[in-house]
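Written out below as structure tokens is the structure these notes cover.
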Amino acid sequence: MIRFENIEKKYPDGTIALQDINITVPKGQFCVLLGHSGAGKSTLLRLVNGLITPSSGRTVVDKTELSKRTIRSVRRRVSMMHQEFNLVKRSSVAVNVMSGSLAEVNFLTSLIGWFPKDIRRKCCELVHRVGLGEEHLHRRVDHLSGGQQQRVGIARALILDPVVVLADEPVASLDPSASHEILALLRSLSKEHGCTVLCSLHQVDFARRFGDRIVGLEQGQVVFDLDPDKVDQQALNLIYANYDDPHGQETVRAARVENVVDTGVKRP
Amino acid sequence: MKEKARSPEKWDLAPPYGAKTVLVVIAVFMLLSVSARHSEVDRMLYLLGEAGGKVVGLSDSSQVVRGAERVVESMFPPKISEQTPVARIEGFDRDNLPLFSRVEEETITVTRFDVSAMETVETEETREILVQPFGYLQYVMRKMLETIEIALWATIIAILLSIPLAYYAASNYSPNRATYGAARSLVSFFRAVPELISAMFLVLAFGFGPIAGILALGIHSAGFLGKFYAEDIENADKGPQEALQAIGASKIKILRYAVLPQVLPQYLAYSMYILDRNVRMATVIGIVGAGGIGQELIGRYDMFDYGHVATILIMIFITVLLLDQIASRVRARLI
């Protein structure tokens, strides 16, 4: 369960990243944050594990209010996936997945690269669950494809049985079919483990298909908060009205074509 | 609001350099010519020209060529054998001679002053000597090995010292500004003291021998490694570090799992370079008494045994050449 109460975030240069955010994400929900770049999606996600502290307001994660004192214990229950995967490129798949458990394992044994048996077993199980094989365990991460790397990212995020998974544009650097697979996998695994997922996306169709709920963000404010099937063009215009959206804004595209015709340029 | 764009013909694209640059170049040139007179660069060029003239037969005499000829003459041939009078060897075992060696008899003329007759008497005496045709070469090889060992231990000490130094000297991991500043200045200090100077003082403290050499080289190269390591930590990809920070890993664990794998090949390359450099420096610091082949070199040099000096120099040259080859191969495999 995640609850944002009256969150406001101002950066030192005066930009307002978030304003008046009141959202409660119940346990087990797959909640999608939708918005263009700079709308505040990443900032909101990073509030949950304290990578960013709000200027005012409270964040409550799994009945614990986030503060300097509780940040370590919250981070143990919250895991994160990243747009650029943020895996250690030169390390093997196994080490990357097991490094997700670093908050829990013994300090000295982890320094010599040793992980306890249950973590190793869990790692194998998860690598299998995300669709990779035994032959991938010792392969270097940078020798994998983007989709496979994000699968490793999912396995790393799930190794400590988190309560919350934060996914910061997990498919933004993947092609559409890989994106589809990754989101389906994330959804099914999180439902299976019963984790709450807060996932930022900018593809409307993916948000509709995989979200239990879609929260639209625009200039740091929530502009709609609806069930996926209730998100219509009217709602989408609230986030995309002022922008040339590359993801399926027919009206904008049509307007561009008209312009080209008007200026008399011949199209090939 | 954005300013209205100007039309291209009014754009300002200045030429790459102007009068100011020319003036600066002239000023630099004048400063250099003043400095050249100070440091006798003009005389150096004159002497080199003269030597070149002598070599191609344009001038009759050259001070430089004469000096070089003298050096080559006195160093040739390099001395590789060793002869020791048997009487001077403690516990000499006739049945168990060292490798390649033989015992020879030698007749020498001994001049004595006979007190009773009040005159000098020349008598012929025979004595046994142990001849080792490669004796000196073997000795130099042993000394070279000692030198390499000094370099190796100096590098190990440098690595061990520089790991904590790098942690505190990396701005993104140092606990606070004070530790960062302290570590940075310590690293600079280590680098600023030339190893020959610190070896001189360490010899006073620890006595002649390899200890002073190991410490002097170790501290100096810890300065280099600390700086290199710290900069690599600062420049490492931030993504994996943020990922591990987000799941609550401690700083040391983040360093171990997100930074170390990234920087390790680079670290090994630096350490190889430092080892290479330490071997070269270890041959030199023996000159102030800090062990290794340099100690032998300076002793022979002071006794005008230029044949021995030649052997040592050739040995150093071969060793450095070999190490260079090995190092570049290892480095190529690591990166």
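The values are calculated or read from the model by the stated rules, or taken from the named source; none is laboratory data. Just so it is clear, the model here is predicted, and its values are computed rather than measured. Because the Cβ atoms are built from the backbone with ideal geometry, glycine has one as well, and the counts that use them run over all protein chains shown. In case anyone asks, the SASA skips ligands and DNA or RNA and just uses the protein heavy atoms, side chains included. Shrake-Rupley method; radii C 1.70, N 1.55, O 1.52, S 1.80 Å.
Quick look at the numbers
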item: A:Gly50 vs. criteria within 19 Å of the chain's Cα centre (by Cα) and small (Gly, Ala, Ser); result: yes
item: Filtered residues of the stretch B:147-199 (kept if under 23 Å from the mean Cα position of the chain (by Cα) and not in a helix (DSSP H, G or I)); result: B:Val193, B:Pro194
item: Enumeration of residues in the stretch A:67-100 that are closer than 30 Å to A:Glu5 by Cα and more than 7 Å from chain B (Cβ to nearest Cβ); result: A:Ser67, A:Lys68, A:Arg69, A:Thr70, A:Ile71, A:Ser73, A:Val74, A:Arg77, A:Val78, A:Met81, A:Gln83, A:Phe85
item: Of all residues making up the stretch A:48-62, the number that are closer than 16 Å to A:Leu33 by Cβ and within 12 Å of chain B (Cβ to nearest Cβ); result: 4
item: Selection status of B:Leu244, in contact with a helix residue (DSSP H, G or I) (Cβ under 8 Å, 6 or more places away or on another chain) and not hydroxyl-bearing (Ser, Thr, Tyr); result: yes
item: Which listed residue is among the basic types (Lys, Arg), under 30 Å from B:Asn278 (Cα atoms) and either modelled with pLDDT under 90 or exposed (fewer than 12 other Cβ atoms within 10 Å of the Cβ) (or both), from B:Lys79, B:Lys54, B:Lys143; result: B:Lys79
item: Selection count, the stretch A:12-68, where residues are assigned to a strand (DSSP E or B), hydrophobic (A, V, I, L, M, F, W, C) and under 18 Å from B:Gly248 (Cα atoms); result: 2
item: Subset of the stretch A:104-140 [in contact with a Leu (Cβ under 7 Å, 6 or more places away or on another chain) and within 10 Å of chain B (Cβ to nearest Cβ)]; result: A:Glu104, A:Ser110
item: Of residues in the stretch B:252-264 being open to solvent by 20 Å² or more (accessible area, probe 1.4 Å) and in contact (Cβ under 8 Å) with a residue 12 or more places away in the chain, the one farthest from the other protein chains (Cβ to nearest Cβ); result: B:Leu255
item: Residue check, B:Leu313 out of contact with any helix residue (DSSP H, G or I) (no Cβ under 6 Å at 6 or more places or on another chain) and surrounded by fewer than 23 Cβ atoms within 10 Å (Cβ to Cβ); result: yes
item: Unique residue being away from chain B (no Cβ under 14 Å) and either over 17 Å from the mean Cα position of the chain (by Cα) or buried (at least 22 other Cβ atoms within 10 Å of the Cβ) (or both) when the list is A:Gly28, A:Gly38, A:Gly14; result: A:Gly14
item: In the stretch B:108-130, the residues that are among the hydrophobic types (A, V, I, L, M, F, W, C) and not in a loop (DSSP other than H, G, I, E, B); result: B:Ile108, B:Val110, B:Phe113, B:Val121, B:Ile129, B:Leu130
item: Tally of residues being open to solvent by 10 Å² or more (accessible area, probe 1.4 Å) and either polar (S, T, N, Q) or in a helix (DSSP H, G or I) (or both) across the stretch B:285-308; result: 13
item: Spans of strands (runs of 3 or more DSSP E) in the stretch A:137-230 with at least 3 residues surrounded by fewer than 23 Cβ atoms within 10 Å (Cβ to Cβ), without any contact (Cβ under 8 Å) to a residue 24 or more places away in the chain and hydrophobic (A, V, I, L, M, F, W, C); result: A:221-226
item: Residue in the stretch B:237-246 that is nearest to A:Phe107 (Cα to Cα), counting only those that are surrounded by 22 or more Cβ atoms within 10 Å (Cβ to Cβ) and within 7 Å of chain A (Cβ to nearest Cβ); result: B:Leu244
item: Search result, residues across the stretch A:85-110 that are among the small types (Gly, Ala, Ser) and either open to solvent by 20 Å² or more (accessible area, probe 1.4 Å) or assigned to a loop (DSSP other than H, G, I, E, B) (or both); result: A:Ser91, A:Ser92, A:Ala103
item: Matching option when the condition is surrounded by 20 or more Cβ atoms within 10 Å (Cβ to Cβ) and over 20 Å from B:Phe224 (Cα atoms), among B:Ala249, B:Ala282; result: B:Ala249
item: Positions within the stretch B:316-335 being open to solvent by less than 30 Å² (accessible area, probe 1.4 Å) and more than 20 Å from B:Tyr267 (Cβ to Cβ), in sequence order; result: B:Ile316, B:Thr319
item: Qualifying residues in the stretch A:65-84 (those that are open to solvent by 20 Å² or more (accessible area, probe 1.4 Å) and touching a residue at least 12 places away in the same chain (Cβ under 8 Å)) - the one nearest to A:Gly28 (Cα to Cα); result: A:Arg77
